[in-house]
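The values are calculated or read from the model by the stated rules, or taken from the named source; none is laboratory data. Computed from a predicted model, the values in this text were never measured in an experiment. Because the Cβ atoms are built from the backbone with ideal geometry, glycine has one as well, and the counts that use them run over all protein chains shown.
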Amino acid sequence: MRKLLFSGMFRAPVTEPRPPTDDAALRELAQAVDRSARRRLGHSLSIREVDAGSCNGCELEIHALNNAFYDLERFGIRFVASPRHADVLLVTGPVTANMRDALERTFQATPDPKWVVAVGDCAVDGGCFAGSYAVVGGVARVVPVDLHIRGCPPNPNALLQGLLALLDRVGEGGRSA
Amino acid sequence: MPTLDELMRQGRPVARHRPWPRTVVDAAAWNAAAGRLSDGDWTLLGLWGEAGAVHMALLDGTGGIGVVSLDCADGRYPSIGQRHPPALRLERAARDLFGLQPLGLPDIRPWLDHGGWGLRHPLAARTEATEPAPSYVFLPGEGEGLHQIPVGPVHAGIIEPGHFRFTASGETVVRLEQRLGYVHKGIEGLMAGADLDRAAALAGRTSGDSTVAYALAFARAAEAATGATAPPRAQWLRALMAELERLANHFGDIGAICNDASFTLMHAHCGILRERVLRAADACFGHRLMRDRILPGGVAVDLANSGVAALRALIAECRARFPALTELYDNTASLQDRTVGTGILSAALARQYAAGGYVGRASGRSFDARRTPGYPPYDTLRFDVPSLDAGDVDARVWVRIREAEQSLSLLEQILHQLPEGPLRAEPTPPSEPCEGMALTESFRGDVLVWLRLAADGTVARCHLRDPSWFQWPLLEAAIHGNIVADFPLCNKSFNCSYSGHDL
């Protein structure tokens, strides 16, 4: 173990510079984040991830945000274990009928101010699962959504761009939305 | 005692079911099959329904495969699950979806139907659900000092939803009962009437971590049904993608299991390797998970020379870095203290449930769909199927480590022997209804796809059976007698798919 740790000290980190903020996400967010909330949160966001029926592809890429290449925590964004500790719900999946109740209750358990980010094409409108008897068809049908990050699944860079846009909005205390 | 061959000959053979035969049998033969399953002579590969009939895919002791079907015009059939427990949840699911009543099934609770669909039996009669569903009754756990811990469906980590009901005596788990179905999307319902391309896309979204294995299984089933064959280069590229997928998942799992034992160093390093694999996949095929890259009849993209170079660099990096991580795992006593002897799955249960993948192989069952029934190009490739007997978390880690090494070797062999040629021979639409079945090896175990095409080439019925169907129940057994705090570790070492199971 010592050897591995030692060699790590002399290798350059694999962590990459932050991607540019996603303009489309900024526009969508312009409505979502008000000034008082920005002041309260400063430069940090706590995220509770909720799988509302995804195929688990989005979860894989959300997981990747924590690896050394993307290192989400350096931006002050971290995943928390309970909705009660969260500012943001990161929701994946077309929302299955069997998860609708759990998603609503998770939303209610999250304290204000809070934002909902819907991740993945099927979280927008059900995607390829739309029309199924078992699917509600999009996160916005169940809880209010502030930002959509598209992709099947969105890659970690797209996720990072969306989350950084949210963070910038939340953090820009001086400018009005 | 009939052999599978004899049993198949007793019934009425179904025309145009490939590559293995399908036979419509009577109740006596159906029950005889149940007997062979409960005696442990045969293996249940899958059990699924449709309106008015129930089907079962069987594997005999010699590697022979067949599908037996039982017409049940009155909606009832003799339960297999009452004699062979691995069929229990499959029968509960088929009842929820099709209204087929398994006579004698000891567990009459719904499984996938949580009462939120507004419909009953959505894939058959589709009657309106008029009454609210009764609340789900968990199995009782009675005794002095026992307490229950309900967990989920929303969990603490970034994982899929499911409910776990622990009954514990102090720290020790006396019973774990799972309730699944939360991510049921109705994929088999959406399949009906879909054309081949849309159906292939849906199949590839059954379980995101196995998107290659599912797309491959669906493509092979469609090719079997229509009598088509993918060109050689496509078959080799498919294997290349499948091994990349296996490698990425195994790296991710090895790190995540260690992380659940609070050994984050492994997690960080394995995470780097996993990311390298996904980036190489992206460079080669234009998608990190290689989704929608395998189509019926072939593959959607070719591997360019730059991709070959990216893969060679990937293999070199993995070969340089992975042995040190293996050594780290092997030499860290505090980590082994958590994994050795934890969550033991007995060989008998692994065999009875036909557990595939690392779950089966860590408990002495070395089944691998790449070998049996086998499919090209694996018949011309050299690889071992590592198998251990300890059945604990440690063994499931070691099987993954050895499989990752095998996948690296397979990638090298594929790059070395990759034939030139066309990428796709689009299947010609059938002139009459036809059926196909395929079994492919995902990183998690064998995926089964059974497909019936209508005369116009659209999907009439498609069943997708994830390896998790036979692994989830074994997790309930493996956690028994362990402490609650070791559950995440055991759960991650199984890493069953919720979405693949719930469909």
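Within the bounds of segment B:288-295, is there any residue that is at pLDDT 95 or above, touching a helix residue (DSSP H, G or I) at 6+ places or on another chain (Cβ under 9 Å), surrounded by fewer than 21 Cβ atoms within 10 Å (Cβ to Cβ) and at positive phi? Looking for residues that are at pLDDT 95 or above, touching a helix residue (DSSP H, G or I) at 6+ places or on another chain (Cβ under 9 Å), surrounded by fewer than 21 Cβ atoms within 10 Å (Cβ to Cβ) and at positive phi, one finds at least one in segment B:288-295, hence yes.
On the given criteria, is B:P153 in contact with a His (Cβ under 7 Å, 6 or more places away or on another chain), assigned to a loop (DSSP other than H, G, I, E, B), closer than 30 Å to B:V484 by Cα and within 14 Å of chain A (Cβ to nearest Cβ)?
Criteria met by B:P153.
Exactly one residue out of B:G81, B:G66, B:G40 is of a type outside the set (V, I, T) and surrounded by fewer than 17 Cβ atoms within 10 Å (Cβ to Cβ), and it is B:G40. Among residues of segment A:89-111 that are over 21 Å from A:E61 (Cα atoms), those with a beta-carbon under 6 Å from a residue that is part of a helix (DSSP H, G or I) at least six positions away or on a different chain give the pairs A:T106/A:P83; A:A109/A:P83; A:A109/A:R84; A:T110/A:P83. Could we say that A:T110 is touching a strand residue (DSSP E or B) at 6+ places or on another chain (Cβ under 7 Å), among the hydroxyl-bearing types (S, T, Y) and farther than 23 Å from B:D209 by Cα here? It is true that A:T110 is touching a strand residue (DSSP E or B) at 6+ places or on another chain (Cβ under 7 Å), among the hydroxyl-bearing types (S, T, Y) and farther than 23 Å from B:D209 by Cα. Scan segment A:117-126 and give yes if some residue there is farther than 21 Å from B:I159 by Cα and more than 9 Å from chain B (Cβ to nearest Cβ), otherwise no. Among the residues of segment A:117-126, at least one is farther than 21 Å from B:I159 by Cα and more than 9 Å from chain B (Cβ to nearest Cβ), which makes the answer yes. Return the only residue of B:A313, B:A309 being without any contact (Cβ under 8 Å) to a residue 24 or more places away in the chain, away from chain A (no Cβ under 14 Å) and either surrounded by 21 or more Cβ atoms within 10 Å (Cβ to Cβ) or part of a helix (DSSP H, G or I) (or both). Within the list B:A313, B:A309, the selection yields B:A309. Every condition in (1) within 14 Å of chain A (Cβ to nearest Cβ); (2) part of a helix (DSSP H, G or I); (3) touching an Asp or Glu at 6+ places or on another chain (Cβ under 9 Å) is met by B:M266 except one, and the failing one is (3).
Within the span defined as segment B:428-443, one or more residues are closer than 30 Å to B:G66 by Cα, within 14 Å of another protein chain (Cβ to nearest Cβ), out of contact with any Leu (no Cβ under 6 Å at 6 or more places or on another chain) and at pLDDT 95 or above. In this entry, B:H163 is excluded by the filter for residues that are surrounded by 18 or more Cβ atoms within 10 Å (Cβ to Cβ), touching a residue at least 24 places away in the same chain (Cβ under 8 Å) and under 29 Å from B:W48 (Cα atoms).
When only residues in segment B:111-122 that are surrounded by 20 or more Cβ atoms within 10 Å (Cβ to Cβ), within 9 Å of chain A (Cβ to nearest Cβ) and hydrophobic (A, V, I, L, M, F, W, C) count, which is nearest to B:A93 (Cα to Cα)? The qualifying residue nearest to B:A93 (Cα to Cα) is B:L112.
Inclusion of B:W450 among residues that are buried (at least 16 other Cβ atoms within 10 Å of the Cβ) and not in a helix (DSSP H, G or I) is warranted. Scan segment B:158-211 residue by residue and report those that are touching a Pro at 6+ places or on another chain (Cβ under 7 Å), facing another protein chain (nearest Cβ under 7 Å) and either charged (D, E, K, R) or not in a helix (DSSP H, G or I) (or both). Listed by number, the residues that qualify are B:P161, B:Y182, B:V183, B:K185, B:G186.
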